[in-house]
1. Which residue out of Ala212, Ala224, Ala191, Ala196 is modelled with pLDDT of 95 or more, aliphatic (A, V, I, L, M) and under 26 Å from Trp6 (Cβ atoms)?
2. Would it be correct to say that Gly225 is touching a Gly at 6+ places or on another chain (Cβ under 6 Å) and either surrounded by 20 or more Cβ atoms within 10 Å (Cβ to Cβ) or of a type in the set (A, V, I, L, M) (or both)?
3. For segment 23-35, which positions are buried (at least 21 other Cβ atoms within 10 Å of the Cβ) and in contact with an Asp or Glu (Cβ under 9 Å, 6 or more places away or on another chain)?
4. Applying the selection to segment 300-337, what residues are buried (at least 24 other Cβ atoms within 10 Å of the Cβ) and assigned to a loop (DSSP other than H, G, I, E, B)?
5. Does segment 218-227 contain at least one residue that is on the phi < 0 side of the Ramachandran plot and either acidic (Asp, Glu) or without any contact (Cβ under 8 Å) to a residue 60 or more places away in the chain (or both)?
6. Identify all residues within segment 239-276 that are assigned to a loop (DSSP other than H, G, I, E, B), more than 19 Å from the chain's Cα centre (by Cα) and not hydrophobic (A, V, I, L, M, F, W, C); write none if there are none.
7. How many residues are within 18 Å of the chain's Cα centre (by Cα) and either crowded, with 23+ Cβ neighbours inside 10 Å or under 11 Å from Ala119 (Cα atoms) (or both) when one looks only at segment 79-92?
8. Evaluate the following for Glu9: is it in contact (Cβ under 8 Å) with a residue 24 or more places away in the chain and in a strand (DSSP E or B)?
Amino acid sequence: MPGASWHVEMESGVVSSGSIGWACVEPEKEDASAGTPYDLASLTKPLATALLALLLEDEGRLDLEGPAVEPLPELRGSPYVATTLLDLGTHRAGLPAWKPIYLTASDLEGFVGVIARTAPAAAHGETLYSDLGYILLGAAVQRIAGERLDRLFERRVAKPLLLSRIGFSGPGLFPGAAATETRNDYERAMAGEPGASFAWRGFIPRGEVHDANAHVLGGVAGHAGLFGTAEDVAAIAREMICPKRLSWIARSRRRLLEPPTGQCGRTFGFVMAQDAGAARGVLPDGAPGHTGFTGTSLWLDPQRSRLFVFLANRVHPRVPSRDFAETRLGFHRIADAISRA
């Protein structure tokens, strides 16, 4: 990884925070700083999409246990007609992990239609991590709220928490963000022969979302698109552990921090440390957290009021073949030790 930023906190205050390395190494090196925003990738799922869904549920505007087909009528007649919004948020809808939807659709309505016609990769109720599920959940949140995710996040999360360096990507919004992959070579290879004629990005500007599905959706999607600094990510995590500015009830926090009754592994937004290579054996088994493909991660320890933010641009200038879990685990091992000292 060229650079990284981190924030470790416990109830008594910040234990450690800082930055190291470079925000960019190509075409020229530029130092990373504590104020450098990173492409948060899949941290968008818990920090924005799941959180916004829970706030809407608290207001009675959304029923997570109700059928997803109500806000997503495209699911009628599909294999997912019995899916609930809770299923989508806990990755239990049976949807495949990923699909290059941008090859056949160019807007959110088109994306929802393509996903509805996609064959299941698992049985309904079986846990299978899925970007597609969160694209659907993000679409449902937008339709119910009558507002785009980026505007909803700004109004319901960033502004109440007085955060200025976190939000969805857009032209000119995060020009100093840590660079990601120079080109779209990794996803181009994943798309294979069907993507041969797609207009791939020959250069990914800093502050433009790395994920191609999110990029085609204008940088605003339920599964990816959020950018932010370690400090601002920590501010949202702090509110999840001990709410002060966001108004939400105990049931919603339990959905976020604890798996549904009778289930294990995933909450509505997070995965348990015992099921994640980034934290297993270091943080408490029931500690919820999440990782992002670009090199980001967030972990919470609600029982001890601790939080661990680690943001890196590991995919710059090219996506490495080495598994990043070892690096994340090493960070958590050190962070856990100093927060217990």
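1. Values: Ala212 fails: under 26 Å from Trp6 (Cβ atoms); Ala191 fails: under 26 Å from Trp6 (Cβ atoms); Ala196 fails: under 26 Å from Trp6 (Cβ atoms).
Sole residue among the options that is modelled with pLDDT of 95 or more, aliphatic (A, V, I, L, M) and under 26 Å from Trp6 (Cβ atoms): Ala224.
2. Numbers: touching a Gly at 6+ places or on another chain (Cβ under 6 Å): yes; either surrounded by 20 or more Cβ atoms within 10 Å (Cβ to Cβ) or of a type in the set (A, V, I, L, M) (or both): yes.
Yes: the conditions hold for Gly225.
3. First, the residues of segment 23-35 that are buried (at least 21 other Cβ atoms within 10 Å of the Cβ): 23-24, 32.
Listed by number, the residues that qualify are Ala23, Cys24.
4. Asn313, Val315, His316
5. First pass over segment 218-227, keeping only residues on the phi < 0 side of the Ramachandran plot: 220-224, 226-227.
Those left that are additionally either acidic (Asp, Glu) or without any contact (Cβ under 8 Å) to a residue 60 or more places away in the chain (or both): none.
Within segment 218-227, none of the residues are on the phi < 0 side of the Ramachandran plot and either acidic (Asp, Glu) or without any contact (Cβ under 8 Å) to a residue 60 or more places away in the chain (or both).
6. Within segment 239-276, the first condition is being assigned to a loop (DSSP other than H, G, I, E, B), and the residues that meet it are 242-249, 258-265, 267-270, 276.
Remaining after also requiring more than 19 Å from the chain's Cα centre (by Cα): 242-249, 260-264.
The answer is Pro243, Lys244, Arg245, Ser247, Pro260, Thr261, Gly262, Gln263.
7. The initial filter retains those residues of segment 79-92 that are within 18 Å of the chain's Cα centre (by Cα), namely 85-92.
Filter once more, keeping what is either crowded, with 23+ Cβ neighbours inside 10 Å or under 11 Å from Ala119 (Cα atoms) (or both): 85, 87-92.
The number of residues fulfilling the criteria is 7.
8. Details: in contact (Cβ under 8 Å) with a residue 24 or more places away in the chain: yes; in a strand (DSSP E or B): yes.
Yes: the conditions hold for Glu9.
The values are calculated or read from the model by the stated rules, or taken from the named source; none is laboratory data. This is a predicted model, so every value here is computed, not measured. Neighbour counts run over all protein chains shown; Cβ positions are idealised from the backbone, glycine included.
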